[in-house]
Amino acid sequence: MQAIQNNQDFLRRYGYSDNIKVEKAIELLLINRRHELRTIAESVLNHIPGQIILSEWSEFILHMCLDVEECFSIWKGDVEPPQNFYLKSFIILKQFSKGKTSMNQLTQFLNLAYSIAQEFRVIYKRVE
């Protein structure tokens, strides 16, 4: 229950305040993008020391995808960076680059995360 509440709090920070719409949007996103979310999860979560099994892995990875989207908006100058932005973007790059052998692989994962965040945004707007 605590994990679900934390997920809802996190999504509320990005403007997703309707918990029912969030749950439906995540379900719909998982129908189309489960493989892509799992690919990111396997890459990112396999390198966390002392890893625990996350029952809410899809929400955790969605959070990372939304962070990538936010960082990109700041990198391109659309939004002013918050105080912790530089540390946050470094951590994102570090997490996504684990196990990668080239910038192309890292870019592919960042693009995948960004597109998942964009798709979640569209699904959330359409869910009634």
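The values are calculated or read from the model by the stated rules, or taken from the named source; none is laboratory data. Here the structure is a predicted model, which means the values were calculated and not measured. When we count neighbours, we look across all protein chains shown, and the Cβ atoms used for this are built from the backbone with ideal geometry, even at glycine.
Rundown of residues vs (1) closer than 17 Å to Glu119 by Cα; (2) part of a loop (DSSP other than H, G, I, E, B); (3) at pLDDT 85 or above, yes/no style:
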residue	(1), (2), (3)
Gly15	yes, yes, no
Glu36	yes, no, yes
Ile40	yes, no, yes
Cys65	yes, no, yes
Pro82	no, yes, yes
Ser89	no, no, yes
Gln95	no, no, yes
Thr101	no, yes, yes
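If we scan segment 53-73, do we find a residue that is among the small types (Gly, Ala, Ser), loosely packed, with under 11 Cβ neighbours inside 10 Å, more than 12 Å from the chain's Cα centre (by Cα) and within 29 Å of Asp18 (Cβ to Cβ)?
Within segment 53-73 (the criterion being among the small types (Gly, Ala, Ser), loosely packed, with under 11 Cβ neighbours inside 10 Å, more than 12 Å from the chain's Cα centre (by Cα) and within 29 Å of Asp18 (Cβ to Cβ)), the answer is yes, since at least one residue qualifies.
Determine if segment 17-27 includes at least one residue that is at pLDDT below 85, of a type outside the set (Val, Ile, Thr) and crowded, with 18+ Cβ neighbours inside 10 Å.
No, the conditions are met nowhere in segment 17-27.
Say we look at segment 83-99 and pick out the residues that are in contact with a Phe, Trp or Tyr (Cβ under 9 Å, 6 or more places away or on another chain) and without any contact (Cβ under 8 Å) to a residue 40 or more places away in the chain; which of these is nearest to Leu30 (Cα to Cα)?
Top of the filtered list is Ser97.
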